[in-house]
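Enquirer: Submitted below is the structure of interest, expressed as structure tokens.
The values are calculated or read from the model by the stated rules, or taken from the named source; none is laboratory data. Note that the coordinates shown come from a computational prediction; the quantities given were computed from them, not determined experimentally. Cβ placement follows ideal geometry from the backbone for every residue including glycine, while neighbour counts extend to all protein chains displayed.
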Amino acid sequence: MSYKRVTLSHFLLQEQRRRGGTGTFTTLLTDIRTACKMISHEVNRGALAGNLGAAGAENVQGEQQKKLDVLANEIFLHMNELGGSYAGMASEELEGVHQVHGAAGRYLLLFDPLDGSSNIDVNISVGSIFSILRLPDGLDPSSEQAFLQPGVQQVAAGYALYGSSTMLVLTTGEGVNGFTLDQNVGVFVLTHPDMRIPADTDEYAVNASRERYWEPAVRRYVEECKAGKDGPRGRNFNMRWVASMVAEVHRVLCRGGVFLYPADSENLAKGGKLRLMYEANPMAFIIEQAGGRASTGRQRLLEVQPTSLHQRVGVILGSANEVARLEAYHGEQDGR
């Protein structure tokens with residue numbers, strides 16, 4: 001083992017010095033790192049600690065909460081409140097804004113404490129997603145309005161993946177870097193510097209059980225992929241589906257691909273399936289910083305103006321040329 005590796009702490013300090021920062025932002029990300037380490041520990045303990053199974057309650061989304069959903073949410077709130085750098089927080093698991101009382105922080109934190117929680121009980125990868133915004137001048141951090149900023153306003157975003165190893169993937173607007181948790185010493189180490197997504201791919205990820213609801217543009221794209229080398233694309237494609245956005249996006253970052261959870265005829269009234277503020281925006285920021293593309297099919301995801309804290313949206317992201325093709329198909333469908 002090399003002892004000259006760069007830890008997440010070193011990386012953040014180097015970035016702080018390079019940008020002439022005050023250290024506040026380093027503290028923000030350090031608190032998130034600690035929360036993710038604690039959640040990783042609880043996920044790994046699983047049934048041994050009685051962490052599996054339903055919590056017996058629904059969240060604001062109307063979804064049945066798992067015990068680990070509740071625990072991860074409590075960990076994220078507690079660990080990121082202690083530092084006092086956040087003026088307010090919003091979670092997929094909470095109906096309204098969680099104000100940090102007495103804090104003079106100038107940042108806002110949005111997070112999905114445990115993405116893919118339907119996979120918890122069968123030991124498939126899950127993760128946490130987070131997004132950091134600046135508190136706009138003159139706005140009350142306890143108000144929903146302070147959080148309703150388009151994704152282009154994010155100052156940082158990332159996710160933790162709790163899989164065969166625990167990884168923290170991060171962007172602060174200058175590329176994407178991945179850090180792996182060394183369980184023996186308890187530190188994240190830079191293992192995936194400057195992650196980049198190839199523009200072309202032969203993999204796509206989509207929930208095929210929803211085919212009957214898809215728009216013609218999505219159906220056309222998937223049918224062409226399924227036709228393989230004998231179809232209009234002239235090459236074979238593989239389909240993947242984990243039902244955990246963190247796992248899907250991580251695969252795209254590591255080897256390319258396109259991830260689709262589009263708005264369809266069944267969920268269109270809600271805007272789509274995935275949450276704009278907690279899932280789509282942070283992942284779109286990461287994907288774009290890695291050279292990919294992120295879209296609703298008709299609009300750049302990061303330019304969508306939020307109208308509510310729990311707004312949903314259609315999501316298509318990944319290898320740039322494939323996402324551009326899907327946008328073109330939507331344009332043809334709409335007569336544009």
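Enquirer: With (1) under 25 Å from ARG293 (Cβ atoms); (2) more than 16 Å from the chain's Cα centre (by Cα); (3) not aromatic (Phe, Trp, Tyr) as the list, and GLY173 as the residue in question, which single condition is left unmet?
Expert: (2)
Enquirer: Go through region 52-86 and give me each residue that's modelled with pLDDT under 85, under 23 Å from LEU133 (Cα atoms) and surrounded by fewer than 19 Cβ atoms within 10 Å (Cβ to Cβ).
Expert: VAL60, GLN61, LEU82, GLY83, GLY84 - these are the residues of region 52-86 that are modelled with pLDDT under 85, under 23 Å from LEU133 (Cα atoms) and surrounded by fewer than 19 Cβ atoms within 10 Å (Cβ to Cβ).
Enquirer: Among the residues of region 113-164, write down those that are in a loop (DSSP other than H, G, I, E, B), of a type in the set (Ser, Thr, Tyr) and closer than 24 Å to MET79 by Cα.
Expert: Listed by number, the residues that qualify are SER125, SER142, SER143.
Enquirer: Can I ask one more? What pairs come out if I take residues in region 235-256 that are touching a residue at least 12 places away in the same chain (Cβ under 8 Å) and pair them with residues that are part of a strand (DSSP E or B) and charged (D, E, K, R) whose C-beta lies under 7 Å away, six or more apart or interchain?
Expert: Pairs that qualify, where the first residue is touching a residue at least 12 places away in the same chain (Cβ under 8 Å) and the partner is part of a strand (DSSP E or B) and charged (D, E, K, R), are PHE237/GLU203; ASN238/GLU203; ARG240/GLU203; SER244/ASP115; MET245/ASP115; VAL246/ASP115; ARG251/ARG240; GLY256/GLU203.
Yes/no matrix, rows are residues, columns are (1) closer than 29 Å to VAL242 by Cα; (2) surrounded by fewer than 15 Cβ atoms within 10 Å (Cβ to Cβ):
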| position | (1), (2) |
| --- | --- |
| GLY96 | no, yes |
| ALA104 | no, yes |
| SER117 | yes, no |
| GLY151 | yes, no |
| SER164 | yes, yes |
| VAL176 | yes, no |
| ASP182 | yes, no |
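Enquirer: Starting from residues that are touching a Lys or Arg at 6+ places or on another chain (Cβ under 8 Å) and over 19 Å from LEU302 (Cβ atoms), keep the ones in region 119-145 and report whichever is surrounded by the most Cβ atoms within 10 Å (Cβ to Cβ).
Expert: ILE120
Enquirer: Quick one: would you say THR201 is touching a Ser or Thr at 6+ places or on another chain (Cβ under 6 Å), within 30 Å of LYS4 (Cβ to Cβ) and of a type in the set (Val, Ile, Thr)?
Expert: Considered against the rule, which asks whether it is touching a Ser or Thr at 6+ places or on another chain (Cβ under 6 Å), within 30 Å of LYS4 (Cβ to Cβ) and of a type in the set (Val, Ile, Thr), THR201 comes out as no.
Enquirer: Still on this structure, I have one more. Would you confirm, using the coordinates I've provided, whether MET167 is in a strand (DSSP E or B) and over 29 Å from ARG45 (Cβ atoms)?
Expert: So MET167 fails the test.
Enquirer: Here is a further query. So, in region 223-241, how many residues would count as being among the hydrophobic types (A, V, I, L, M, F, W, C) and under 20 Å from PRO198 (Cβ atoms)?
Expert: 3
Enquirer: Among what's in region 183-199 and is of a type outside the set (Val, Ile, Thr) and at pLDDT below 95, pick the residue that is farthest from GLU42 (Cα to Cα).
Expert: In this case the residue turns out to be ASN184.
For every residue, the table says whether it meets (1) of a type in the set (Gly, Ala, Ser); (2) assigned by TED's automatic domain parsing to the domain that holds ASP264.
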| position | (1), (2) |
| --- | --- |
| GLN154 | no, no |
| SER165 | yes, no |
| LEU168 | no, no |
| THR171 | no, no |
| GLY175 | yes, no |
| PHE179 | no, no |
| VAL187 | no, no |
| PRO198 | no, no |
| ASN207 | no, yes |
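Enquirer: Of the residues VAL222, VAL258, VAL249, VAL206, only one is farther than 30 Å from THR180 by Cβ and among the hydrophobic types (A, V, I, L, M, F, W, C); which?
Expert: Checking each option against the conditions leaves just VAL222.
Enquirer: Could you grab me the full set of residues in region 203-234 that are over 24 Å from GLY335 (Cβ atoms), touching a residue at least 40 places away in the same chain (Cβ under 8 Å) and not in a strand (DSSP E or B)?
Expert: Hits for region 203-234 are ASN207, ARG210.
Enquirer: Give the residues of region 196-214 that are closer than 20 Å to ASN321 by Cα, surrounded by fewer than 19 Cβ atoms within 10 Å (Cβ to Cβ) and either touching a helix residue (DSSP H, G or I) at 6+ places or on another chain (Cβ under 7 Å) or basic (Lys, Arg) (or both), sorted by residue number.
Expert: Scanning region 196-214 gives ARG196, ALA199, ASP200.
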